[in-house]
Amino acid sequence: MADPAQNRIEEACRLYAAGSISRGPAARLAGLTRSELAHELYRRKIPSYTAEMLEEDRATLGKMREEEQA
């Protein structure tokens, strides 16, 4: 018989990997903290911080710097 807690973790990781949900909702679905989810994603070799996220963060920082200088 399948473990319901493991099934929730599996589903949350699957949905996160597919881009259907973000880390916060995935953690809640799995019944884990965000830190525990990050560890689970790492264990399953699912990237939790993508190159796209890095580019978005860089763009945001650039805008913040421009606003500070204005």
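The values are calculated or read from the model by the stated rules, or taken from the named source; none is laboratory data. Bear in mind the structure is a predicted one, so any value in this text is a computation, not a measurement. Here the Cβ is made from the backbone with ideal geometry for all residues, glycine too, and neighbour counts use every protein chain on show. SASA here: full protein model, heavy atoms, side chains in, ligands and nucleic acids out. Shrake-Rupley method; radii C 1.70, N 1.55, O 1.52, S 1.80 Å.
When Lys and Arg each count +1 and Asp and Glu each count -1, what net charge do the other residues less than 13 Å away from Gly62, Cβ to Cβ, add up to? Computed value for this residue: -3.
The mean sequence separation of alpha-carbon pairs under 8 Å and at least six residues apart, normalised by the residue count of the chain, gives a relative contact order of 22 percent. With axes computed from alpha carbons, what is the tilt in degrees of helix 34-43 against the longest principal axis of the chain, rounded to the nearest 10 within 0 to 90? Approximately 70 degrees, to the nearest 10. What a 1.4 Å probe finds exposed on the chain is 54% carbon and sulfur by accessible area, rounded to a whole percent. In the chain, what trypsin sites (Lys or Arg not before Pro) fall in a loop by DSSP, with at most 14 other Cβ atoms inside 10 Å? Loop-located and lightly packed - Arg44, Lys45.
Please give the net charge around Thr33, taking every other residue with its beta carbon less than 12 angstrom from that of Thr33, where Lys and Arg add +1 and Asp and Glu add -1. Net local charge, Thr33 excluded: +1.
Using a 1.4 angstrom probe, figure out how much accessible area the chain has per residue, in square angstrom, rounded to the nearest whole. The partial results should precede the final answer.
Values: 5510 Å² over 70 residues.
With the other protein chains kept in place, the chain gives 79 Å² per residue.
On a 0 to 90 degree scale, rounded to 10, what angle separates helix 51-69 from the longest Cα axis of the chain? Between the helix axis and the principal axis of the chain, the angle is about 30 degrees.
Projecting the Cα atoms of Thr60, Cys13, Tyr49 onto the dipole axis of the chain, where Lys and Arg carry +1 and Asp and Glu carry -1 at the beta carbon, places Cys13 farthest toward the positive end. The slack between Glu36 and Thr60, meaning 0.36 nm per residue of separation minus the straight C-alpha distance, is 5.9 nm.
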